[in-house]
Structure formats: C-alpha cells, structure tokens
Amino acid sequence: MTTKAFTLISPQNPVFITYLFWSAILVLKLFAMVILTGNQRWRKMTFISPEDLFSKKSKVKYDDDDIERVRRAHRNDLENILPFLTIGFFYCLTDPEPWLAINLFRLVGISRIIHTFVYAVIVIPQPARFLSFILALLPTLYMTLQVIKFCF
Amino acid sequence: MTTKAFTLISPQNPVFITYLFWSAILVLKLFAMVILTGNQRWRKMTFISPEDLFSKKSKVKYDDDDIERVRRAHRNDLENILPFLTIGFFYCLTDPEPWLAINLFRLVGISRIIHTFVYAVIVIPQPARFLSFILALLPTLYMTLQVIKFCF
Amino acid sequence: MTTKAFTLISPQNPVFITYLFWSAILVLKLFAMVILTGNQRWRKMTFISPEDLFSKKSKVKYDDDDIERVRRAHRNDLENILPFLTIGFFYCLTDPEPWLAINLFRLVGISRIIHTFVYAVIVIPQPARFLSFILALLPTLYMTLQVIKFCF
C-alpha cells in the first residue's frame, strides 16, 4: 500500500503525467495574463504606479474598462487555477480510475483556457464565461470531495 | 532516510492524512466564497462585467459594501490558505511530531473557517476576525520556520 | 525509473532541498506583506472594514496611496510566487541538471525579495521593479516549459 502510494507520483503513472501536463499549461495560461495586461496598459498608456510613468502621455488610472477586465480574469484564475494545482495533486494520490481522472484534468484545462478567451481576449456574451467557469469548477469540486472521502 | 522521506507522503502517515483532509476542507471553504459572492450579487442585482447584465434592474458596480466584503474575505483566503497548502505539505516532509502537527493542521483549518464566518457570513465585532486570522497565520509561520530549519 | 522519481522528493536531493528552502523563504516574504500592510494601516489609521474602527480618528478608505501600493505588491506576489511554488516542485520531478536548477531557484527567490523591496519598502525608480519582476518570471517560465517537455 505504501509502495503503491509512492508509485502514483511517477512518470510511469499516466494520471500523474496528465495532471502534470495540464497544470503546467494552466500556469503558462496564468502567466499569459501578464502579456494581456501589459498589452492593454501600453495601448491605453495607463499604468499601475507613479514610477511607471515615462512620458506626459502616460498616466496612472485604476478604472480603465479594458485593463480592469483583464485584471478580473487574472484574479479569477488565482481563485480557481491555484487551488486546482493542489487538489489535482491530491486527487492523483487517491489512485483514481485513469479514464475519468485524465478526462477531468483535460476538462479543467480546456475550460480555463476558454474562460480567459471569452472574458479577456474576445468578449463573448453570457453564458460563455459562466459555462467555462463552471466546467472547471465542478470537476475540481468533485476531486476535492474524492480527496476528503479518501481520508476516511 | 530516503525511504523514510517517501513513506511520509502516504495514506499510512496520520500526519499526511490530516494535512490532506484539512487542505481539502479549506479548498472547499475557498470555493464556498463563490456561492457567498453569487448570493450577494443576485440579492443586490450587482454584477462584475457588462455582459452579465440580463435585465434593466441589474447593474455593474464595484463599491457595494456587502459584495466587496465577501470579495475581501475571498482575497484574504488566497493570501493565507494557498500558501498553507504548500507549506503544510513541506512540513509533512520534515517528519514532525504527530500530535503537534495534527493539532496545528486542525487549528489552521478551524481558524480559517471561523475567519470566513465572522468576516463574510455574520459580521462579528473585532477581535473575532483578528483572532481567527492570527490563529491560522501563526501555525503556518511556525511550519514555514520548521521547513527552513529542516534545510540545514 | 520509478524508484528514481521517488528519490527526487528527498532530503538527499540538493535540488529538492534548495527548492524547499527558497519556497519557504518566499512564503515568509509573502507573509511579510501582512506586516507591511499593517504598518501602513496603523500609520494612516486607515482600515479595510467598518468593524476595524476603534476610535474617531480611524477610518475606512480604499484609495490611500501607500496602503494600495503594498496591496498591489502583495497581489503581484500571489500572481507570481504561488505558481512558482507548484512549478518548482514539478521541475524537481524532471530531474534537472543540479547546478542550473539550484541557481534558478536562487534567482527566483532573490528577485522576488528585491521586487517587494523596490515596490513597497523603498520605492526605487523603474526599471528596478520591472527587472526584479522579469528575473523571477523568466526562470519560472523556463521551468514550466521543461515540465511540459518532460510530459512527452
């Protein structure tokens, strides 16, 4: 049993490798928000701190619609992707059924990429954002409940 | 020694299982903020992005007291629960005294649940929020220092 | 191979111990933001929620320059340090060249400490903050790409 628990954190475990892959993709996606925010800031010449101003055209402002939209998407990522990184790891330790686990990881990964796209790249009317949000949240919640069940 | 380090990440290790349990509970609690925020948004018909508006009654607003209170509690969770998820895992790897470790995990878990309750469910006068905040922060800081000590 | 993957998460692996050390240091640094924020709040008598007010001099306000600066630095930490904690762990599992990995961890750790200093302790003109930001982000991105490569 102990030995089994160890072999779960291994490149030989397809569940763990799928978790590793989608987690790394989601961290890349998280860092993509830096580029999206930077783009908007330069386009609008609107920056976050006075020491960032380099010309008379540039200004500090906290209510630009396009910049705040990207920042909201970024914060939503922190609220959802970061807990997933931990819960996905725990879920691998519960030795889940591979087919289910692998597809849940894919669902979370793809949903969060779509979430950013419809929120902060090209704004698509609701329920696009709601659906992409919930299709990442529900699998993560399922994993969390499986981890709690595993503890008993 | 190497073998020992491995057996720490195991369902046979009661310290690790306690960490796993309270971490998953805290992730559930973190996601409960989504429901608390949603409740307030629907009650106040106040949403975060223009594409969320579905009737003339609904509006976008960023300074509603009740909604911003839930969002502050949510951000405080990100600042405290997320680092705990990592530090608690590291702390398990230092092979701590089980009685102490298990009770520290319980203290962090229960304190953070109380923190949300007194901040964003029923507002209870200070020092309720301060105490629940500090009773989760101090054990997490202690674990962090034990991890640093372990590295030498 | 499986056995190798396990020996990577071990106090005998200098890469893993360096990761553990700098991650714990960065969590300490993250919690230092609590002290920096508290300092500014008491100095300005400006608090975040009405129940925090304890005298007629104290007030609730969300646009104090010094407090918001510390809060921006704190949020930037969440956006960068928290993903690093996960990615650094994954990167250890890819069995990287020790010299490179150890120095990348040091670079991330030191850059993020400097970032807080120039952003929220003593404001130093740009490009100080930009450089400290990018010198932590680029190594983290490199690690993320190595993890993705490892999955194939």
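In the elastic network of chain C, a GNM with C-alpha springs shorter than 10 Å, the most mobile of C:73, C:128, C:120 is C:128. Loop-resident trypsin sites (Lys or Arg not before Pro) (DSSP state other than H, G, I, E or B) in the range C:64-111 with no more than 14 further Cβ atoms inside 10 Å of their Cβ are absent. With label points set 7 Å from Cα along Cα→Cβ, the inter-copy distances at residue A:39 are 3.8, 3.8 nm, sorted shortest first. For the range C:58-142, the spread of Cα coordinates along the three principal axes comes to 53, 25, 16 Å, biggest extent given first.
Between C:27, C:108, C:15, the GNM of chain C built on Cα springs shorter than 10 angstrom shows C:27 fluctuating the most. Taking one quarter of the surface of the convex hull spanned by the alpha-carbon atoms of chain C gives a direction-averaged projected area of 11.1 nm². Only Cα pairs under 8 Å and 6+ residues apart enter the sum, and on that basis the relative contact order of the range C:2-150 stands at 29 percent. Label-to-label distances for residue B:125 across copies, nearest first, come out at 5.1, 5.1 nm, using points 7 Å from Cα in the beta-carbon direction. For the range C:102-147, relative contact order (Cα pairs under 8 Å, six or more residues apart, normalised by length) works out to 46 percent.
Ranked from shortest, the separations from the 7 Å Cα-to-Cβ label point of residue A:60 to its equivalents in the other copies are 2.5, 2.5 nm. Taking the charge dipole of the protein assembly as shown about its Cα centre, with +1 at Lys and Arg Cβ atoms and -1 at Asp and Glu Cβ atoms, the residue from A:87, C:88, C:48 reaching farthest to the positive side is C:48.
Put a plus charge on the Cβ of each Lys and Arg, a minus charge on the Cβ of each Asp and Glu, and nothing anywhere else: the dipole of the range A:8-152 about its Cα centre is then about 520 debye. Amide H contacts of residue C:59 (H built 1.01 Å from N, in plane; Pro and chain starts excluded): C:46, C:47 sit under 5 Å, all sequence-distant by 5 or more or on other chains.
Residue pairs exceeding 29 angstrom between C-alpha atoms, taken from B:61/C:44; B:44/C:61; C:29/C:149; A:59/C:149; A:44/C:44; A:149/B:61: C:29/C:149; A:59/C:149; A:44/C:44; A:149/B:61. Gyration tensor analysis over the Cα atoms of the protein assembly as shown returns equivalent ellipsoid semi-axes of 34, 24, 24 Å (largest first, whole Å). How much FRET efficiency would the formula 1/(1 + (r/R0)^6) give for residue C:59 and residue A:7, where r is the Cβ-Cβ distance and R0 is 45 Å, rounded to 0.05? The calculated FRET efficiency here is 0.20.
Taken together, the values in this text are just the output of simple stated rules run on the coordinates, not laboratory data. As the structure is a prediction and not an experimental result, all values here were calculated from the model. FYI the Cβ positions are ideal-geometry reconstructions off the backbone, even for glycines, and counts take in every protein chain you see.
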